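Reviewing the structure listed below.
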Amino acid sequence: MRLFVALVPPEELRRNLERQGRGLRALCQRGRMVPWENIHLTLAFLGETDRRAGAERAMERATGAPFSLPTTRPGRFSGKKGDLWWMGVEERPPLLALRRRLVRALVEEEVWLDDAKSFRPHLTLGRDLRPLPGADLTAWAAACPTCTWRVEELILMESCRDEGGLRYIPLSHRPMGK
Ligand code: 2AM
């Protein structure tokens with residue numbers, strides 16, 4: 001199974017992000033937007049693995065106190081088929097410490113981590129986006145409101161591809177605050 005550990009913002013924030021993503025899509029000739037149900041922050045990407053139990057033990061060991069996490073501004077990663085646009089989050093010490101604890105616990109539980117890239121926490125809004133000629137994405141980005149949410153749990157997600165597209169299935173929830 002393809003697994004990752006995620007933080008999932010409250011539904012209202014995810015719906016707002018989907019709305020902002022629609023504004024972005026309107027400025028593009030093509031692109032695949034993330035539906036609000038799928039919006040999340042990947043804390044650790046495990047890839048194809050059968051180590052679900054180890055991942056759950058690592059999550060149990062990694063949790064700390066709940067904390068607030070503000071969104072910042074949209075940004076993008078360039079790709080061959082177009083750009084991946086995301087909403088940034090503040091790289092606050094409790095978020096970075098949570099990621100460090102989780103990575104350490106995953107290694108100790110012998111769960112392979114598939115994200116060798118440096119940790120760039122973000123909420124993906126859409127992929128393969130190509131702007132329309134002359135579209136002002138800078139103005140769109142500057143107009144996006146920011147918002148703060150409370151991180152209260154880690155979620156182990158399974159990524160499944162079926163005829164309905166990509167679906168993320170929450171397998172287990174590990175509340176913060178122990
Ligand atoms: P993305 O949103 O930045 O594309 C489920 O596939 C989640 O894991 C997605 O949020 C995706 O990030 C992330 N992901 C997929 N492959 C990854 C990789 N090799 N390293 C880090 N994160 C990855």
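Here ALA58 passes the criteria (1) of a type in the set (Gly, Ala, Ser); (2) within 16 Å of the ligand (Cβ to nearest atom); (3) crowded, with 17+ Cβ neighbours inside 10 Å except the one numbered (2).
Each row is one residue, and each column tells you yes or no for (1) under 20 Å from LYS117 (Cα atoms); (2) modelled with pLDDT under 95; (3) within 14 Å of the chain's Cα centre (by Cα); (4) not in a helix (DSSP H, G or I).
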| residue | (1), (2), (3), (4) |
| --- | --- |
| LEU13 | no, no, yes, no |
| GLN29 | no, no, no, yes |
| ALA65 | no, no, no, yes |
| GLY75 | yes, no, yes, yes |
| LEU84 | yes, no, yes, yes |
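Scan region 136-171 for residues that are touching a residue at least 60 places away in the same chain (Cβ under 8 Å), polar (S, T, N, Q) and away from the ligand (no atom under 16 Å from the Cβ) and jot them down. Result: THR146, THR148.
Tell me, which residue of region 8-42 that is within 17 Å of MET157 (Cα to Cα) and among the acidic types (Asp, Glu) is surrounded by the fewest Cβ atoms within 10 Å (Cβ to Cβ)? Steps first, answer last, please.
At the first step, the residues of region 8-42 found to be within 17 Å of MET157 (Cα to Cα) are 8-11, 14, 34-42.
Cutting the leftovers down to among the acidic types (Asp, Glu) gives us 11, 37.
Numbers: GLU11: 11, GLU37: 13.
Going through the qualifying residues, I end up with GLU11.
Just to be sure before I move on: is GLU110 in a helix (DSSP H, G or I) and surrounded by fewer than 14 Cβ atoms within 10 Å (Cβ to Cβ) in the structure I sent? So GLU110 fails the test.
Looking only at residues in region 18-33 that are of a type outside the set (Gly, Ala, Ser) and touching a helix residue (DSSP H, G or I) at 6+ places or on another chain (Cβ under 7 Å), the one that is farthest from the ligand (Cβ to nearest atom) is LEU27. I'd like to know if region 11-34 contains one or more residues that are out of contact with any strand residue (DSSP E or B) (no Cβ under 9 Å at 6 or more places or on another chain), without any contact (Cβ under 8 Å) to a residue 40 or more places away in the chain and either hydroxyl-bearing (Ser, Thr, Tyr) or within 28 Å of GLU108 (Cα to Cα) (or both). No: zero hits.
For region 103-119, a residue qualifies if it is within 13 Å of the ligand (Cβ to nearest atom) and either free of Cβ contacts under 8 Å to residues at least 24 places away in the same chain or more than 15 Å from GLY47 (Cβ to Cβ) (or both), and the qualifying residues are ALA116, LYS117, SER118, PHE119.
The values are calculated or read from the model by the stated rules, or taken from the named source; none is laboratory data. Predicted model only: the values in this text are computed from it and were never measured. Here Cβ is always computed from backbone atoms with ideal geometry, including for glycine, and neighbour counts include all displayed protein chains.
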